[in-house]
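Below: one structure, written as structure tokens.
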Amino acid sequence: MLRNNLFTLLVFSSLICHAQITEKKRIILFIGAHPDDETAISEVLAKYTRLGNSVFVIIATDGKAGTRVTKIPEGDSLCVIRKIESICGCKTLGVEPPIFLGIERLDTKIGTANYFNEHQRFMDSLKLIIPAINPDIIITAGPDGDTHHSEHIVVGAAVTELLLAEGSVERYPLYHFAWKKGTESVDPGSYMNEQYFNVKISYTAEDVKKAIVALRCYVTQYTQEEMNEEAARKLKDRSNSIYFRRFVVMKGLKQDFD
């Protein structure tokens, strides 16, 4: 009897340990506006894939207007190349191949009516894709849009809007990445007061190296000099961490403002 009980205890303990290990594996979803936006938190994405989690990247727009440092004109050719760059970057980080939604733009440069149509198409796409992926964590840009880019802001706001509209704030925990004031390589006005940071994700030197290699995939968006400068900055920064703020909504109906 003792032997049987001991065997049962050992099996039960093994199942608990296995369950604990399994529970640590999560599905993480990053949602960005353009092919290359995932580079904002490459180290974090690399870390979680290294730990065995499933990491997905959704890219809203086709990027065909992003002529930043390339002589390739706007249009379908640039769109194809930017997709290849993003596939290269995600493969380097170890994440799943990026999901391209093919939205034309998410600002009014295409005209107000077209913007409304594309915004709705983006929302409709998210309604289908997010439940299909069923992420444990969603990451996107906060109200500052990371660089105050209008399409970054719209994407972050649309994701937040959808979770509020569908009552999914708790089901799909949403995190905005947050920069300290004065952070190098970040738009000077794009920062958050540190008292509102509530998550700090640390990563390894190995993750930093992957992020540097992944950045070199985006030759239409960064010059060689810019890539070298960013690589030097990443290697110089020994904090090896990025901060986030979780989006939280207080429930309960009151009859007056606090």
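I'd like the full set of residues that are under 18 Å from Ile242 (Cα atoms), of a type outside the set (Asp, Glu) and either buried (at least 20 other Cβ atoms within 10 Å of the Cβ) or touching a residue at least 40 places away in the same chain (Cβ under 8 Å) (or both), limited to the range 121-144.
Keep residues of the range 121-144 that are under 18 Å from Ile242 (Cα atoms), which gives 137-144.
Still in the list and also of a type outside the set (Asp, Glu): 137-143.
Ile137, Ile138, Ile139, Thr140, Ala141, Gly142 - these are the residues of the range 121-144 that are under 18 Å from Ile242 (Cα atoms), of a type outside the set (Asp, Glu) and either buried (at least 20 other Cβ atoms within 10 Å of the Cβ) or touching a residue at least 40 places away in the same chain (Cβ under 8 Å) (or both).
Within the range 230-252, not a single residue is surrounded by 15 or more Cβ atoms within 10 Å (Cβ to Cβ), part of a loop (DSSP other than H, G, I, E, B) and of a type in the set (A, V, I, L, M). Evaluated against (1) over 19 Å from the mean Cα position of the chain (by Cα); (2) at pLDDT 95 or above, Ser239 falls short on exactly one condition, (2).
Scanning the range 26-63 for residues that are free of Cβ contacts under 8 Å to residues at least 60 places away in the same chain and either among the polar types (S, T, N, Q) or part of a helix (DSSP H, G or I) (or both) turns up Leu45, Tyr48, Thr49, Asn53, Ser54.
Screening Thr147 with (1) surrounded by 14 or more Cβ atoms within 10 Å (Cβ to Cβ); (2) modelled with pLDDT of 95 or more gives one miss only, at (2). For the range 166-202, the candidate set comprises residues that are closer than 24 Å to Arg26 by Cβ and among the small types (Gly, Ala, Ser); within that set, the residue that is surrounded by the fewest Cβ atoms within 10 Å (Cβ to Cβ) is Gly167. Return a yes/no flag: does the range 167-181 have any residue that is more than 16 Å from the chain's Cα centre (by Cα), within 24 Å of Asn240 (Cα to Cα), at pLDDT below 95 and of a type in the set (D, E, K, R). Yes - at least one qualifying residue is present in the range 167-181.
Kindly provide the set of residues from the range 203-225 that are free of Cβ contacts under 8 Å to residues at least 40 places away in the same chain and surrounded by 15 or more Cβ atoms within 10 Å (Cβ to Cβ), ordered by number.
To start, the set of residues in the range 203-225 that are free of Cβ contacts under 8 Å to residues at least 40 places away in the same chain comprises 205, 209, 212, 216, 224-225.
Correct list: Lys209, Ile212, Arg216.
Taking the range 176-202 as the range and being without any contact (Cβ under 8 Å) to a residue 24 or more places away in the chain and within 20 Å of Leu45 (Cβ to Cβ) as the test, only Thr183 passes. Just to be sure I understand, how many residues within the range 107-132 are within 15 Å of Glu161 (Cα to Cα) and of a type in the set (Ser, Thr, Tyr)? Looking only at that region, the number is 1. Screening the range 8-48 for residues that are in contact with a Lys or Arg (Cβ under 8 Å, 6 or more places away or on another chain) and of a type in the set (Asp, Glu) and picking the one that is modelled with the highest pLDDT gives Glu43.
Within the range 56-85, if we keep just the residues that are polar (S, T, N, Q) and surrounded by fewer than 18 Cβ atoms within 10 Å (Cβ to Cβ), the residue that is nearest to the chain's Cα centre (by Cα) turns out to be Thr67.
The values are calculated or read from the model by the stated rules, or taken from the named source; none is laboratory data. On a predicted model such as this, the values are computed, not experimentally measured, just so you know. Every residue, glycine among them, receives a Cβ derived from its backbone with ideal geometry; neighbour counts consider all protein chains shown.
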